[in-house]
1. Percent of Cα-Cα pairs per 10 Å bin, from 0 to the last occupied bin, for the stretch 8-59, please list those.
2. Quick one: give the max-minus-min coordinate of the C-alpha atoms of the stretch 238-293 along each principal axis, largest first, in Å.
3. Using Stokes-Einstein with the Kirkwood hydrodynamic radius over Cα pairs, what translational diffusion coefficient do you get for the stretch 1-116 at 4 °C and a viscosity of 1.567 mPa s, in µm²/s rounded to a whole number?
4. Aspartates and glutamates near Lys360 by alpha-carbon distance under 13 Å, same-chain residues fewer than 8 away left out - which ones?
5. Taking a threshold of 19 Å on the Cα-Cα distance, which of the pairs Lys198/Lys386; Lys303/Lys343; Lys122/Lys181 fall above it?
6. Looking at the calculated P(r) for the stretch 52-129, what percent of the C-alpha pair distances fall above 20 Å?
7. Using 0.36 nm times the number of residues separating Asp182 and Ser44, minus their current alpha carbon distance, what extension gain do you get?
8. For the stretch 170-175, take each phi angle, set θ = phi - 60°, evaluate the Karplus expression 6.51 cos²θ - 1.76 cosθ + 1.60, and give the result in whole Hz per residue in order, putting x for glycine and proline.
Amino acid sequence: MNKIYLKRGKEESLKRFHPWVFSGAIAKVEGSPEEGRLIDVYTSDNTFIARGHIQIGSIAVRVLTFDENEKIDYEFWKRRLQIAYNMRRSIGLLNRKDNNIYRLVHGEGDNLPGLVIDIYGKTAVMQAHSPGMHFERFAITNALAEIMDKEIENIYYKSETTLPYKAELGQENGFLLGGHKDNIATEYGLKFHIDWLKGQKTGFFVDQRENRSLLEKYSKGRNVLNMFCYTGGFSVYAMRGGASLVHSVDSSAKAIELTNQNMALNFPNDCRHKAYAEDAFKYLERMDDVYDLIILDPPAFAKHRSALHNALQGYRKINAKAFEKIRPGGILFTFSCSQAVNKEQFRMAVFTAAALAKRKVRVLHQLTQPADHPVNIYHPEGEYLKGLVLYVE
Ligand code: SAH
């Protein structure tokens, strides 16, 4: 087995079960480990501390186990997937009539760093974010097929855009099991076309499920603007909640097409809904003050810490526009999914925006990701989705 020795004192975070080894913590590499292969991590005084996948970049190792005796073999994948599956069952997400969309594996949150698996009815969409998980894709597929034998028929692998392209892994998207193209799944009784072939993430933003459901409760009789609508998730819930009108906006024409498709699945020929392909900043600038429920769910403005300043400015700018235009008595659902922006920074950006627009604002709810996107307590970075529901006087 290849080995990494840490610099003195750099084992502290691993002792607290944090699942990453940063490249700066490494003193010496023994052997010639290829990217994506297994490696054992030792402290400076030659004690085993972790085993994981090695990769090139600032995160050098993603830890799979802290137990020297635990082998990373087929049984390992089966065990970890079974734990993830049991957890979803115990929180009531399995075998429901009204919902067959959920996240089965959430990377570090399920002690499987670099792996994401979302379930859409009879299809699991699997995504590797590390070369290590890419190499294990067949073992993971087999283990998953065994565990979910009765529930799923297809496993689609979608890692073309999530793996470092420099690793030249020759990855292709495609089915590793089955091949059914039926892609309509159900979230809380609403139907959605899941575009796992070309869509963002695994084809749908599963992480907004509970927040969409909350929005439904506030929609009755309101004029709703769903900014950054993507598949139109929030829009469809607003329609069911009895909104007077719903406008969906996204800069991508493909997203608008998806939104219209999903609307047609649930509310065919309902003229309360209109969708516009337009840039958010332009739309917010030119729109009239007709809305009293606005959703702002932008893409991650900061994927890395270096982009933090610009990201915060971006949040201030779009939120300020929303505060400026929202009708008195309006409700704003505002989100950030940037991992590099923490809860406090996001709140400050939003509160500054409210002050700039000189509006009186109260916090009704503080939102986060749902239970099927769990946060490993030893990896607080996993808490990435932040949302505020605000009442604007
Ligand atoms: N709210 C959605 C997810 C939003 S993802 C849901 O619940 O599923 C972010 C979306 O923002 C993407 O669809 C992307 O096309 C869109 N987007 C990115 N930059 C934009 C811009 N400048 N103006 C409008 N939309 C933008």
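The values are calculated or read from the model by the stated rules, or taken from the named source; none is laboratory data. Keep in mind that what you see is a predicted model, and the values were worked out from it rather than measured. Every residue, glycine as well, gets a Cβ built from its backbone with ideal geometry; the counts of neighbours run over all protein chains shown. To get the accessible areas, we keep the full protein, side chains included, count just its heavy atoms, and leave off ligands, DNA and RNA. Shrake-Rupley method; radii C 1.70, N 1.55, O 1.52, S 1.80 Å.
1. Reading the bins upward from 0: 23, 64, 13.
2. 30, 26, 14
3. 84 µm²/s
4. Glu324, Glu393
5. Lys198/Lys386
6. It works out to 37 percent of all Cα pairs.
7. Here the answer is 44.3 nm.
8. x, 6, 9, 7, x, 6
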